[in-house]
Each structure stands twice: as C-alpha cells, then as structure tokens.
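The values are calculated or read from the model by the stated rules, or taken from the named source; none is laboratory data. Being a predicted model, the structure only gives us computed values, none of them experimental. With ideal geometry, Cβ positions are generated from the backbone for all residues, glycine too; neighbour counts draw on all protein chains shown. In case anyone asks, the SASA skips ligands and DNA or RNA and just uses the protein heavy atoms, side chains included. Shrake-Rupley method; radii C 1.70, N 1.55, O 1.52, S 1.80 Å.
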Amino acid sequence: MRANRKLWAAATICLTATLALTGCGKGDDKPADPFAGLSADDIAKKSLDTTKAATSVHMKGAGKEDGKETTVDVTVDSKGSCQGTMSTTGEGKAEMVGTGGDLYIKGDDAFWTSSTGGEDAASEGPDFGKLLQGRWMKSPAEAAGADDSDTFCDLKVIFADMEKETKTTGLTRGADADVDGTPAVVLTGKDAKKGDTTLYVARDSAKPYVLRVVTTGGDDPGTVTLSDYDKPVTVTAPPADQVMDMEQLMKEALKG
C-alpha cells in the first residue's frame, strides 16, 4: 500500500537521523536563533557587511525613480562581468552585457532617444535608435570613469548604494518570514522622508545575506530581491558583427 511505503520511507529517514544523533520525533523543536543577543540594528549591520563581501549576486527589482516606474534584473560579479536588463516607463528598455571591463548595450528606440537628449535632440541630430537597431553599442572600460556611480557592472558600487540607501538604525525585529524558500529575519524601520523600509535577512549566522529590501512611501518606493550569492557568472560578449563602438557609430551618423 502507498501509505505503508510512505511510513517505511519516514522510518528510514528517522533511523538515519538517529544514528547521526539528530533524534527522531523532534521535528517540532524550534531551531536556535542565529542572532540571539543581537539587536535589530546589529543584525542589519552584520547583514550588510556580509553582503558587501559577496563575490556575485542576482538582483531583481521594481519601483519608482523620479516618479517613473523602473525595473532592473541583473547578475553581476566582483570581476566586472554582468548581464541583465533595465527599463523605465517612457524611457525604453535595454539589455546590457559586461565582460572584460567593456559594457555592451542594446536598447530599443525609446531607450536611445531618451539617452541622447530626448525627442528634440533626435529631430535635430542623428537617429541613434535607427543606427543601432538590433545592434549592440560597446562602451570601453576607460570611457566609464572610475567615479561613475551609475556603473551597471560594478558590484562594489551596487552594494555601496544599497548600504547608503538602507536604514540600519532604529529598526525593530518582527516575526520571521520566508523569501523564495529561504528563512528570513524581518527588520523594519521608519523614515518620514525616505519612506518605511523592511529588510529581510537570511536566518543564517554564517551568511546572513540581505535577501530583500522593500521601501514603501517616500519618493522612491520599490522592492529589490537578491539571490544566487557567490555563484559563478558566465558571460559572453555579443558577436563582433552585431557590435558598434562609438567611433563606428559617429561615422555612420555623419554619413546620414
């Protein structure tokens, strides 16, 4: 009978656990709190310190920036490799790939129009959307600038921005939750200007990574979920015949 097979499987698991000194029939025991003795603020700071030391992460978020709906989905590592997409209402969508220090961007017409000065500039100058249609623009590493805070593939910048924007004082700890299957500690904080923040931290004393940050109210509400920490990021540059660098692009523009 199916029930008997289930019972036998359960008994086998229980025996294995007993031999490992885990015991059986204790499944209802609560696991020890990995953050016992730490305040909510201490947990948040420990989590951010741990997160900043990660070698890679997958970040997916949606929210408002300057009143416009923005989404981002990117995987990035500490070596400058990355791939993902970003979009903003009224400003288009773009795919991005970073490898070897170079950033490749492929956007739709709306993205290139907004990125090159808007409709007025497009009507007076080259139609970059048309010139780049279906192709990638290559932006060399030396063109980005070391202090460019908008660097898409810079893990340090991403984590620094997160640390700057995440409230770590005056927090309170609520009931634990679950983030995509991972047990999490929930920390909340209020800020009249920036909005309320809820920080979800992996319930893991060794690797208490930030799993999710939710901001409500304020000027830039949104949700960012982080996963796949420290996993290898494999990225391949687009085929050469689908890529234009800035010099090629300007030559094509002058022809028009």
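Here are the numbers for the structure shown:
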read-out	value
Flag if Val179 is β-branched (Val, Ile, Thr) and either free of Cβ contacts under 8 Å to residues at least 60 places away in the same chain or farther than 20 Å from Lys60 by Cβ (or both)	yes
Any hit, the stretch 117-133, residues being modelled with pLDDT of 80 or more and surrounded by fewer than 19 Cβ atoms within 10 Å (Cβ to Cβ)	no
Options Val224, Val210; residue that is touching a Leu at 6+ places or on another chain (Cβ under 6 Å) and within 19 Å of Met59 (Cα to Cα)	Val210
Scope the stretch 43-57; condition out of contact with any Pro (no Cβ under 9 Å at 6 or more places or on another chain), buried (at least 16 other Cβ atoms within 10 Å of the Cβ) and not in a helix (DSSP H, G or I); matching residues	Ala54, Val57
Members of the stretch 69-80 found to be open to solvent by 20 Å² or more (accessible area, probe 1.4 Å) and either part of a strand (DSSP E or B) or under 17 Å from Leu226 (Cα atoms) (or both), listed by number	Glu69, Thr70, Thr71, Val72, Asp73, Thr75, Ser78
The stretch 229-242, residues that are open to solvent by less than 80 Å² (accessible area, probe 1.4 Å) and farther than 30 Å from Gln133 by Cβ	Tyr229, Asp230
Residue in the stretch 106-116 that is open to solvent by 70 Å² or more (accessible area, probe 1.4 Å) and at pLDDT 85 or above present	yes
Only one of Leu199, Leu187, Leu226 that is part of a strand (DSSP E or B), under 30 Å from Ser139 (Cα atoms) and open to solvent by less than 70 Å² (accessible area, probe 1.4 Å)	Leu226
Top-ranked residue of the stretch 88-105 - restricted to ones that are of a type in the set (Gly, Ala, Ser) and surrounded by fewer than 19 Cβ atoms within 10 Å (Cβ to Cβ), ranked as modelled with the lowest pLDDT	Gly100
The one condition in (1) in a helix (DSSP H, G or I); (2) open to solvent by 30 Å² or more (accessible area, probe 1.4 Å); (3) out of contact with any helix residue (DSSP H, G or I) (no Cβ under 6 Å at 6 or more places or on another chain) that Glu163 fails to fulfil	(3)
Residue that is modelled with the lowest pLDDT [pool: residues in the stretch 134-160 that are part of a helix (DSSP H, G or I) and surrounded by 13 or more Cβ atoms within 10 Å (Cβ to Cβ)]	Ala144
